[in-house]
Amino acid sequence: MNIFKTLVVSSILLAVLPVTSALGQSRGIALEPKSVVQTTPFVNGVYRALIIGNDRYQDPHQRWPALETAVADARAVSDILQQHYGFSDLEVLENATRREILRALERLSKRALPNDSILVYYAGHGFLDSESERGFWVPVDAEGVDSTTFLRNSTIRDELTTIASRAQHTLLISDSCFSGTLLRRGTRGIATPNPDQDYLKKVSKKKSVRIISAGGVEYVDDNYRKSGHSPFTYFLLNELENNDRELLTVSELSSNVTRAVANNVDQVPETGVLQGAGDELGEFIFIKLKISVDGVPAEKLKIQVETDSPADNVVIESEVIDSKVTDSKATDSSSEPADPGIVIPLPTL
Amino acid sequence: MNKILNNTNSTPIKLCAAFALMLVLAYAPAGQAARSLTVGVTANGSSWEGDNGSGNSDFESDRGGQFAASINYRVNKFYTGLNLQGGTYDFGSDAPTQFTSNGTLTSDDVKVEHSDLDLLFGYYFWSNVSLFLDLKVTHSEWRDTGYEQAFSGLGLGVSGFHPINDKWVLFGSFGFVNGNIDDDEDRSSHGDGTSSALVGGAVYLIDKANTINFGLKLRSYDFDFDDGNDQEYSLNGLFFGYNHTFDFN
């Protein structure tokens, strides 16, 4: 894979970001990186992601115990997408309520543009209603087995369908128990081994709406060998981090992760297409960035990648556009406590 | 407090103008910065007690207290705020002495109105700790004679907070003011003085926008008059307040 022969960092954007909230460290919101439009033969849009990790469940019925790794999983996924794969528009929700998740999905769908590649990642409890065979995500404000406080799979699929109607590629990665129920109406995906450039260009132009679930209709583990990550996310991170290819399709990623997980734990991830969301057998393609400048966060780099391939004459350009990274604690839940720095009384003498 | 508000030539009006200017300046470069506006009310049940200096008696109010209203605008690490508070203190057999330009007048069985205006400019140099400047004006008026006494100066303080959990936050502040004492007749300098304040309390977060707070506030004043007299007093008491925050993010 020698498409790219030179990779030139053309400039570093040290745009003056608004000063972050002084007290935001404990209550979120601090980063406002810029979105970068990636222009390649494969992608001509922004890589956006909504990352959700739920650890601290508040269930008054004690049905949902706290998890050990979901928030750490979310943070690690966010970091690797941002630092190695050029995701410039990330919203991270930690310990999100049902309302926060829905609102974040709505915000994401509003930001989505026609050429974008959009990833949604969820780590947290899942629930399966064995009678109706309906699956759910369990937000931190879930109450017992009251499924009205959960996030139903059909709702998630609806939101994904809305996002997919706007974006070029949509990928949902769900690391929760019973997340395979998201795929009951879908079909299995098959990875194409060692895809060539023609194949990649072809599938990148076609719309894709894919789902990778940590397991089928089964329980999945939380802390894999005390790694601080679930087995699924552990191998997902491992695959993304150790991937030495510049272009990685979702089919390859899911195939490799599935093999690794299935070989090591009693759990088999599944991959499929979200039925009815407009999938055209396209491929979400991860582009691994190989640039770094000491002391400069990847999201602040403006990159230009050149190649002398006569067939492609690729120029990857970057253009700063408006975007914002938020955190669930900084957004709009009126039930969430405020940053204490803004509510302590005025300190008069 | 009415005196402070009604005197169009007074320092407080200038301070209000400065506050308005600070609001504009704070808003202008903010861009996508984190901004919030907090308004609050506080009831302060305090006693006024002190020492009228050598040869004079101690005094302590029988009852008294103050009500306060505040507004606090914050942009990222910077905040500016205005606090107005006032109330009446009843004295029985002994009351603060009136140090007039014509001599010293002891008083008893009198009501004294006491009001404060604070204009603050603060900055969070650390995540939970800020330093602030307080342009402070206090005004006292004896109802029996109409004697007025004003103290104004610039203070420096430190404020901090410590979240206990999602609902409770401890907070505190401490600082000094150095200023001048005027009487309201000719606005001429009538002495100088210092004051200090120590506050500790807790905030309960009802939700993201609404909080209540309570605690203990200790204030002390030490005045040296030009004619050689001095006076020390303190206003100590418990407070209970409510704040509402408009978060513009």
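Quick look at the numbers
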quantity	calculated
Condition check for B:HIS244: closer than 20 Å to B:PHE59 by Cβ and not hydroxyl-bearing (Ser, Thr, Tyr)	no
Qualifying residue in region B:89-110 (condition: buried (at least 16 other Cβ atoms within 10 Å of the Cβ), within 11 Å of chain A (Cβ to nearest Cβ) and either under 30 Å from B:THR211 (Cα atoms) or modelled with pLDDT under 90 (or both))	no
Restricting region A:103-154 to residues that are hydroxyl-bearing (Ser, Thr, Tyr) and touching a residue at least 40 places away in the same chain (Cβ under 8 Å), the residue that is surrounded by the fewest Cβ atoms within 10 Å (Cβ to Cβ)	A:THR149
Selection status of B:GLY103, without any contact (Cβ under 8 Å) to a residue 40 or more places away in the chain and among the small types (Gly, Ala, Ser)	yes
Members of region A:264-274 that are in contact with a strand residue (DSSP E or B) (Cβ under 9 Å, 6 or more places away or on another chain) and either surrounded by fewer than 16 Cβ atoms within 10 Å (Cβ to Cβ) or of a type in the set (S, T, N, Q) (or both)	A:THR271
Residue match in region B:167-179 (condition: at negative phi and more than 10 Å from every other protein chain (Cβ to nearest Cβ))	yes
Test result for B:GLY215, buried (at least 16 other Cβ atoms within 10 Å of the Cβ), among the small types (Gly, Ala, Ser), in a strand (DSSP E or B) and away from chain A (no Cβ under 14 Å)	no
Checklist (1) modelled with pLDDT of 90 or more; (2) surrounded by fewer than 16 Cβ atoms within 10 Å (Cβ to Cβ); (3) of a type in the set (Val, Ile, Thr) applied to B:ILE164, failing item	(1)
One residue from B:GLY175, B:GLY191, B:GLY201 being surrounded by 19 or more Cβ atoms within 10 Å (Cβ to Cβ) and under 19 Å from A:VAL343 (Cβ atoms)	B:GLY201
Region B:71-95: number of residues that are of a type in the set (Asp, Glu) and within 21 Å of the chain's Cα centre (by Cα)	1
Qualifying strands (runs of 3 or more DSSP E) (wholly inside region A:1-106; at least 1 residues being on the phi < 0 side of the Ramachandran plot and modelled with pLDDT under 70)	A:6-12, A:35-39
Number of positions in region A:57-80 that are out of contact with any helix residue (DSSP H, G or I) (no Cβ under 8 Å at 6 or more places or on another chain) and either under 25 Å from A:GLU239 (Cβ atoms) or touching a residue at least 12 places away in the same chain (Cβ under 8 Å) (or both)	16
Some residue of region B:26-35 being assigned to a strand (DSSP E or B) and either modelled with pLDDT of 90 or more or within 14 Å of chain A (Cβ to nearest Cβ) (or both)	yes
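So that you can scan it fast, the table gives a plain yes or no per residue for (1) among the hydrophobic types (A, V, I, L, M, F, W, C); (2) on the phi > 0 side of the Ramachandran plot; (3) touching a helix residue (DSSP H, G or I) at 6+ places or on another chain (Cβ under 8 Å):
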site	(1), (2), (3)
B:LEU105	yes, no, no
B:TYR124	no, no, yes
B:LEU133	yes, no, no
B:ARG143	no, no, no
B:GLY146	no, yes, no
B:PHE151	yes, no, no
B:LEU156	yes, no, no
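The values are calculated or read from the model by the stated rules, or taken from the named source; none is laboratory data. Only a predicted model underlies this, so the values are computations on that prediction, with no experimental measurement involved. Every residue, glycine among them, receives a Cβ derived from its backbone with ideal geometry; neighbour counts consider all protein chains shown.
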